[in-house]
Amino acid sequence: MWIKICGITDSTAALTAACAGADAVGLVFSPSVRQISIDQAERLLEEIPDELQTVAVFRKPDRQTAIEVLRRLQPDYLQSDQGDWQHNLRGLKPTTGCRFLPVLRNQVPGKLPPICLFEGTSSGRGLLADWRMAARIAKQIPLILAGGLTPGNVADAIQEVRPYGVDVSSGVEKIRGEKSSRLIEEFVRVARQAAAEVNPENAL
């Protein structure tokens, strides 16, 4: 189970995610209460372990900003809406080792991408995705489930959807935009336990 803690704005939350056993952190570069600058992200990345993957998160991105993020931060993933790849990001070449992570919002496109992040109609607001639709897609491609996940419902989500990974942002915040170390640790623990129960042969 690949676990991402999204909307990270400081090294304390990032280090908590790493120590709890998360696989990745999401850095938001589009308008949001969790948005950070490229300079802030650069300083943050200097303080976290190399093995913690980074996801540059966009929505309708400015092309030049996306290019600068790729050049300076060299993230493991560049995340943006599926439609952005046909418009704002058309023809953009990823850096070595970086993968595109298209976002599907409660929809099934005519042609599925190799991997996707699936969530509700709006990001970072705790809106649940359509789990039944997500489960259908998860049978065909690696799907990372996002949208309204919390320590209280992530086990049910994993049981119903059987995703490749899970992604949380507002569900591990004590107030909007401020991460809770306790909730991050609890989310990762519950997600790992649920994944082990779904696929016991893969449990560590």
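The values are calculated or read from the model by the stated rules, or taken from the named source; none is laboratory data. These figures come from a predicted structure and were not determined experimentally. Don't worry about glycine lacking a Cβ; one is built from the backbone with ideal geometry, like all the others, and counts go over all protein chains shown.
A quick yes/no check of all residues on (1) polar (S, T, N, Q); (2) in contact with a helix residue (DSSP H, G or I) (Cβ under 8 Å, 6 or more places away or on another chain):
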residue	(1), (2)
Ile3	no, yes
Thr9	yes, yes
Gly26	no, no
Glu68	no, yes
Pro114	no, no
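One residue stands out in the stretch 153-168 among those that are surrounded by fewer than 24 Cβ atoms within 10 Å (Cβ to Cβ) and small (Gly, Ala, Ser): the one that is farthest from Val198 (Cα to Cα), namely Gly165.
Taking the numbered list (1) modelled with pLDDT under 95; (2) within 14 Å of the chain's Cα centre (by Cα) in turn, Phe118 passes all entries but (1). Of all the criteria given as (1) assigned to a strand (DSSP E or B); (2) surrounded by fewer than 19 Cβ atoms within 10 Å (Cβ to Cβ), the one not satisfied by Thr12 is (1). When you check Gly171 against the structure, is it within 20 Å of Gln193 (Cβ to Cβ) and assigned to a helix (DSSP H, G or I), yes or no? For Gly171, the condition - within 20 Å of Gln193 (Cβ to Cβ) and assigned to a helix (DSSP H, G or I) - is met. Within the stretch 155-204, the residues that satisfy the criterion of being at negative phi and of a type in the set (Lys, Arg) are Lys174, Arg176, Lys179, Arg182, Arg189, Arg192. Any residue at all in the stretch 133-147 that is part of a loop (DSSP other than H, G, I, E, B) and buried (at least 20 other Cβ atoms within 10 Å of the Cβ)? Checking the stretch 133-147: at least one residue is part of a loop (DSSP other than H, G, I, E, B) and buried (at least 20 other Cβ atoms within 10 Å of the Cβ).
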